[in-house]
1. Among (1) among the hydrophobic types (A, V, I, L, M, F, W, C); (2) open to solvent by less than 10 Å² (accessible area, probe 1.4 Å); (3) more than 28 Å from A:Trp34 (Cβ to Cβ), there is one condition B:Ala91 misses while meeting the rest; what is its number?
2. Would region A:40-55 turn up any residue that is touching an Asp or Glu at 6+ places or on another chain (Cβ under 9 Å), touching a residue at least 40 places away in the same chain (Cβ under 8 Å), at the interface with another protein chain (Cβ under 9 Å from one of its Cβ atoms) and among the aliphatic types (A, V, I, L, M)?
3. Just one of A:Ile47, A:Ile60, A:Ile100 is closer than 30 Å to B:Asn7 by Cα, in contact with a Phe, Trp or Tyr (Cβ under 7 Å, 6 or more places away or on another chain), surrounded by fewer than 21 Cβ atoms within 10 Å (Cβ to Cβ) and of a type in the set (A, V, I, L, M, F, W, C); which is it?
4. Those residues that are hydrophobic (A, V, I, L, M, F, W, C) and either part of a strand (DSSP E or B) or at pLDDT below 95 (or both), I need them from region B:61-77; list them, please.
5. Can you name every residue in region A:25-39 that is in a strand (DSSP E or B) and either facing chain B (nearest Cβ under 9 Å) or open to solvent by 40 Å² or more (accessible area, probe 1.4 Å) (or both)?
6. Hey, does region A:84-95 have a residue that's more than 15 Å from the chain's Cα centre (by Cα) and acidic (Asp, Glu)?
7. Can you find a residue that is without any contact (Cβ under 8 Å) to a residue 24 or more places away in the chain, out of contact with any Asp or Glu (no Cβ under 8 Å at 6 or more places or on another chain) and closer than 22 Å to B:Gln104 by Cβ anywhere in region A:69-80?
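The values are calculated or read from the model by the stated rules, or taken from the named source; none is laboratory data. As the structure is a computational prediction, the values presented were derived from the model and not from experiment. Note: ideal-geometry Cβ built from the backbone for every residue, glycine included; neighbour counts use all protein chains shown. Ligands, DNA and RNA are excluded from the accessible area calculation, which covers all protein heavy atoms including side chains. Shrake-Rupley method; radii C 1.70, N 1.55, O 1.52, S 1.80 Å.
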Amino acid sequence: DSGVTQTPKHLITATGQRVTLRCSPRSGDLSVYWYQQSLDQGLQFLIQYYNGEERAKGNILERFSAQQFPDLHSELNLSSLELGDSALYFCASSRGEKNIQYFGAGTRLSVL
Amino acid sequence: DQQVKQNSPSLSVQEGRISILNCDYTNSMFDYFLWYKKYPAEGPTFLISISSIKDKNEDGRFTVFLNKSAKHLSLHIVPSQPGDSAVYFCAASASQGGKLIFGQGTELSVKP
């Protein structure tokens, strides 16, 4: 158990809809990262938050947004969903030591 | 532009033998390299890392070698066990606490 909790585990929705993925980091970790893994692909970095502030952005679509709350949990909001958004979404947290990030079990999003 | 590459999608080895997983990178600014192991329906689990100032790091059955001049790293697992069967991801980072850039993964199968 990495200590990072992601909910829900599975999400099935329709095109055009909006969903929210939630992540609770390990106790004491200030950084939260979101990654997307599409079929047969490596993990692609989306966005990083550090102690409530956006720290870095990767290949995140404008239809996607995220935030980190005062209790350090984070939410990834995906809107106007398209078939191509179907993927595994992972959250990771870190204290920055040796750049080790600890991953949650992921949320599998299926857009039908 | 794939900065981290794992050119072997799969690898099969016999139990007790050595498994060697390879990874190449292009960005000379990377200063930390990490290996993650992933089982189906789980998030990536941190395995071992190496700083760019070192050329070898060992942890039990796992050893990572870094060849900076060739921009190449490898993970050696000795002896391989059936429980090691998983997808292995190589990842790199260019800044403390920064995003990880992942390779595509190599699926290792260790046969009894």
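1. Only one criterion in (1) among the hydrophobic types (A, V, I, L, M, F, W, C); (2) open to solvent by less than 10 Å² (accessible area, probe 1.4 Å); (3) more than 28 Å from A:Trp34 (Cβ to Cβ) is unmet by B:Ala91, namely (3).
2. no
3. Only one candidate qualifies: A:Ile100.
4. B:Phe62, B:Val64, B:Phe65, B:Leu66, B:Leu73, B:Leu75, B:Ile77
5. A:Ser31, A:Tyr33, A:Tyr35, A:Gln37
6. Checked region A:84-95: no residue is more than 15 Å from the chain's Cα centre (by Cα) and acidic (Asp, Glu).
7. no
A quick yes/no check of all residues on (1) touching a residue at least 12 places away in the same chain (Cβ under 8 Å); (2) of a type outside the set (Lys, Arg):
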position	(1), (2)
B:Arg17	yes, no
B:Asn22	yes, yes
B:Asn27	yes, yes
B:Phe30	yes, yes
B:Phe33	yes, yes
B:Gly43	no, yes
B:Ser49	yes, yes
